[in-house]
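Working notes for the structure below.
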Amino acid sequence: MARISFSQFRFVIVSVVLSSFLAGCTSSASNRYWGRTVAPSDNVLRYISGSEPESLDPAFGTGQPEARVYMALYEGLLEYHPKTMEPIPAIAESYEISSDGTEYIFHLRKNAKFSNGDPITAKDFVYTFRRALSPELASRNANLGYYIKYSEAYNSGNMFVQDQNGQFLLKKDFAKETETKASDTPEENSDGKAESAPANFGAPTELQKFLNSPERLTIKASEKERAKDFEADPKLKAAVEGKQLVPVTKENLGVEAVDDYTLRLKLYQPAPYFIQLIPHQLFRVVHQPTIEKFGKDWMRAGNIVTSGAFKLSVHKPYDVLTVVKDPNYWDAANVKLDAIEFYPLEESTTMMNLYKSGRADAVYNHTVPPAWLDEIKQFKDEYMDFPEVANEYYSLSVKKPPMDNLKVRQALSLAINREALAQFRKTPKPLSNFTPDGIFPKYDEVRKKVFGDKLKAQNISVEDWSKQRLFDAEKARKLMTEAGFPVIKAGNGWSCPTFPVDKVTLNYNTQESNKAVAEFNQAQWKQNLGITVQLKNMEWKTFLPFRSSVQYKGIARNAWVGDYMDPFTFLNLFYSPQNDGATGFWDPKYDALLDAANKELDPNKRLEMLAAAEYEILDQQLIIPLLTNATNWMKKPYVKGMYPNPGTLHAWKFVYLEPDQNRWDANAENIMKDGDPLIDEQINRLKATQKPLNTVAE
């Protein structure tokens, strides 16, 4: 396929693509494929990736458009399996977990290099973890690492308290009086010393001894915030008075290079999901000398040094981002593509026409417009419709009026007919909970029981409660009236004249599907409550920090694709004061419940605790659940190794272009079941290095 400037192609798209659409241009395989289907001759994958990335810094960006690019440019200790998203060896060829589930040792391969040829060592990962959790970077993903010891305190800029004898106050002595994490302090022996990690689990070091000692108390650095804590806890105030405050530093984090090729992580407590989190972009290794040399310009083409299978070649914002195979990558011999061209696009019709004309080989998630689905679903070799570990919802600014009124939040939620919304969108299913239905079957079963127990006092069944939450216009009007904003009959409709519509806006990031959903819900509120909520769209890069810092008034579009296959990936969004729930909510009791769940070794009991935490989110109506999404995207049948996994996160090193039409993917329903000898052999070779786990925590 001859290359063409993407901006040039946009210029001619109306004439060229429209004509191909009308003509029904297909490959030589008659009408089996949708549009022009010819494998590229230049071994370059052309992929429409979504919005222009907010940043090329893997520790900073939080969206899927960024994640897709990070998967090419950076690699971590572990990588996502291309089908299942389970963690598989990457720069770490193996790992071990201590029997108490709180220490992880990663054994790095000795031939890993950055794109400039520098070796990748455990010290680079120490730098990467410390930087990702630093208060200066202010990553919105930082809370993902909060089970690493002292990470939350460091990220929050907190302080240790040291007395005149050089001794530090301990958290256990104030655990009931202060708002701390609910993890247990280390068990103590009869001599008062803390238990260390299991014998022979890594070479003992001074940092390890410190991390295994009783946890120190930390307090806020801000005098104003400390004053509030002291007012609520006179004992704490008296204990701190006259003592020295010592900043929690990066050196205190539970991250250690035991040697050049051994990395150790220390957690507060067991976290059953944690190993699944390691492939996340937050922990993908970055090059310290480049960042320190170029500062904020380190991500520019010509400056950037990366660690993944590909390196940056061209970045023309809003036009194209090109990555090329990195010859310094440790597994370069098994990287099959020469390059990937990422095209940032948000307009569904344009990207689908690009795909049909053969100018794009694959498109990102949720791109097929509902009006096109009946036609597109006929092309079974190309259309990807699979379960997704994702939800779509609206965040509510619960600290600002009128959203600080629970009944207002409940009314706005109940006034949306989710069944009708799902039919309008065609592929998703209505969602009444927060964690998506049908993705974690065992959790769904446990959640139903937990919710049922909590609802007994209200004399309502889980089924009726869930059905009611999907839509109940009459109750919505009643709640809005009880909130102080009477909903009255007005002709054939309703009116709510006192509702402060000037204080409520529905904010969403620019994308055709987001606009369609926003307009649908705007009409629902008008029809069922008599209020007109204004809509406001924003560019993705601007919208993300605007939403995360709760600058918006009223309502903000939100969605989450799980970073790993565990319900905690959703519930964690409201964990810690620095959470990314984008509502203004934080409750230490909620944190305590999640902490208790993650140190519970009985899987059923853990799920019960997680379900109890989810009930709190729903009971307080922090969000308006909307839909459980399905994947809904397309790829050409000659694109191999690109699977519709639950997170739509593609490990690009496994993707290749197959010129032999006899080996093209046939019937996407089988794509997750059928093996690919090339990819299976590669994955099996990687997994063969993993040592048997020394752990009882599953």
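The values are calculated or read from the model by the stated rules, or taken from the named source; none is laboratory data. As the structure is a computational prediction, the values presented were derived from the model and not from experiment. Cβ: placed from backbone, ideal geometry, glycine included. Neighbour counts: every protein chain shown.
Tell me, which residue of the range 459-489 that is in a loop (DSSP other than H, G, I, E, B) and among the polar types (S, T, N, Q) is farthest from E445 (Cα to Cα)? Only one residue tops the list, namely N459.
Within the range 58-74, being among the β-branched types (V, I, T) and not in a loop (DSSP other than H, G, I, E, B) holds for one residue alone: V69. Note on the range 218-272: enclosed strands (runs of 3 or more DSSP E) holding 3 or more residues that are crowded, with 18+ Cβ neighbours inside 10 Å are 255-259, 262-266. In this structure, does S20 turn out to be assigned to a loop (DSSP other than H, G, I, E, B), at pLDDT below 95 and surrounded by fewer than 22 Cβ atoms within 10 Å (Cβ to Cβ)? It is false that S20 is assigned to a loop (DSSP other than H, G, I, E, B), at pLDDT below 95 and surrounded by fewer than 22 Cβ atoms within 10 Å (Cβ to Cβ).
Among the residues of the range 75-90, those that are outside any strand (DSSP E or B) and surrounded by fewer than 24 Cβ atoms within 10 Å (Cβ to Cβ) comprise H81, P82, K83, T84, M85, E86. Annotation note: of F379, F424, F434, the sole residue that is not assigned by TED's automatic domain parsing to the domain that holds Y615 and not hydroxyl-bearing (S, T, Y) is F379. Taking each residue of the range 53-79 that is at positive phi and not assigned by TED's automatic domain parsing to the domain that holds N328 and looking for partners that are outside any helix (DSSP H, G or I) and crowded, with 23+ Cβ neighbours inside 10 Å with beta-carbon atoms closer than 9 Å, six or more apart or interchain, yields nothing. Could you tell me whether any residue of the range 58-78 is farther than 22 Å from I304 by Cβ, modelled with pLDDT of 90 or more and under 18 Å from the mean Cα position of the chain (by Cα)? Yes, there is a match, as at least one residue in the range 58-78 is farther than 22 Å from I304 by Cβ, modelled with pLDDT of 90 or more and under 18 Å from the mean Cα position of the chain (by Cα).
Applying the criterion of being touching a Leu at 6+ places or on another chain (Cβ under 8 Å) and not β-branched (V, I, T) to the residues of the range 532-555, the residue that is surrounded by the most Cβ atoms within 10 Å (Cβ to Cβ) is G554.
If you check P428, P369 for being closer than 30 Å to P637 by Cβ and surrounded by 23 or more Cβ atoms within 10 Å (Cβ to Cβ), only one passes: P428.
Taking S413 as the residue in question, decide whether it is closer than 27 Å to G584 by Cα, surrounded by fewer than 21 Cβ atoms within 10 Å (Cβ to Cβ) and either assigned by TED's automatic domain parsing to the domain that holds W372 or polar (S, T, N, Q) (or both). Criteria not met by S413.
Within the range 50-66, the residues that satisfy the criterion of being in contact with a helix residue (DSSP H, G or I) (Cβ under 6 Å, 6 or more places away or on another chain) and either surrounded by 23 or more Cβ atoms within 10 Å (Cβ to Cβ) or farther than 16 Å from A362 by Cα (or both) are G50, P53, E54, P58, A59. Checked against (1) over 29 Å from Y74 (Cβ atoms); (2) in a strand (DSSP E or B), E669 passes all but condition (2). Kindly indicate whether D191 is modelled with pLDDT under 95, assigned to a loop (DSSP other than H, G, I, E, B) and under 30 Å from T583 (Cα atoms). Here the answer is no, as D191 does not meet what is asked. From P272, P289, P279, which residue is of a type outside the set (D, E) and modelled with pLDDT under 95? None of the other options fit; the residue is P272.
Being part of a loop (DSSP other than H, G, I, E, B) and either in contact with a Pro (Cβ under 8 Å, 6 or more places away or on another chain) or among the hydroxyl-bearing types (S, T, Y) (or both) is the filter here, so list the residues in the range 124-139 that pass it. So that I can check it myself, show each step before the final result.
Kept after step one, since they are part of a loop (DSSP other than H, G, I, E, B), are these residues of the range 124-139: 133-139.
Listed by number, the residues that qualify are S134, S139.
Among the conditions (1) touching a strand residue (DSSP E or B) at 6+ places or on another chain (Cβ under 7 Å); (2) surrounded by fewer than 20 Cβ atoms within 10 Å (Cβ to Cβ); (3) among the small types (G, A, S); (4) farther than 26 Å from L56 by Cβ, G484 misses just one, which is (1). Being more than 23 Å from the chain's Cα centre (by Cα), at pLDDT 95 or above and surrounded by fewer than 20 Cβ atoms within 10 Å (Cβ to Cβ) holds for only one residue in R359, R300, and it is R300.
Among the residues making up the range 158-188, those that are surrounded by 15 or more Cβ atoms within 10 Å (Cβ to Cβ), part of a loop (DSSP other than H, G, I, E, B) and either at pLDDT 95 or above or out of contact with any helix residue (DSSP H, G or I) (no Cβ under 7 Å at 6 or more places or on another chain) (or both) are N158, L169, A175, P186. Go through the range 349-407 and give me each residue that's touching a Cys at 6+ places or on another chain (Cβ under 8 Å) and under 21 Å from Q522 (Cβ atoms). Within the range 349-407, no residue meets the criteria. Of the helices (runs of 4 or more DSSP H) lying entirely inside the range 532-604, the ones with 3 or more residues being more than 21 Å from T648 (Cβ to Cβ) are found at 540-548, 588-598. Comparison of G484, G491 shows that the only residue that is in the same structural domain as K541 (by TED's automatic domain parsing), at positive phi and free of Cβ contacts under 8 Å to residues at least 40 places away in the same chain is G491. Taking the criterion of being crowded, with 22+ Cβ neighbours inside 10 Å and either among the aliphatic types (A, V, I, L, M) or assigned to a helix (DSSP H, G or I) (or both), the residues of the range 279-294 that qualify are Q281, L282, F283, V285, V286. Considering the conditions (1) in contact with a helix residue (DSSP H, G or I) (Cβ under 6 Å, 6 or more places away or on another chain); (2) without any contact (Cβ under 8 Å) to a residue 40 or more places away in the chain; (3) within 15 Å of I120 (Cβ to Cβ), A332 is excluded by exactly one of them, (1).
Would it be correct to say that I275 is β-branched (V, I, T), part of a helix (DSSP H, G or I) and either closer than 30 Å to L607 by Cα or outside the structural domain of A72 (by TED's automatic domain parsing) (or both)? Criteria met by I275.
Residues that are in a loop (DSSP other than H, G, I, E, B) and surrounded by 22 or more Cβ atoms within 10 Å (Cβ to Cβ) within the range 306-322 comprise T306, S307, G308, A309, listed in sequence order.
Please go through the range 681-698 and pick out each residue that is buried (at least 17 other Cβ atoms within 10 Å of the Cβ) and at pLDDT 70 or above. Q682, I683, L686, Q690, listed by residue number. Among the residues of the range 422-458, just one is in a helix (DSSP H, G or I), of a type in the set (F, W, Y) and at pLDDT below 95, namely F424.
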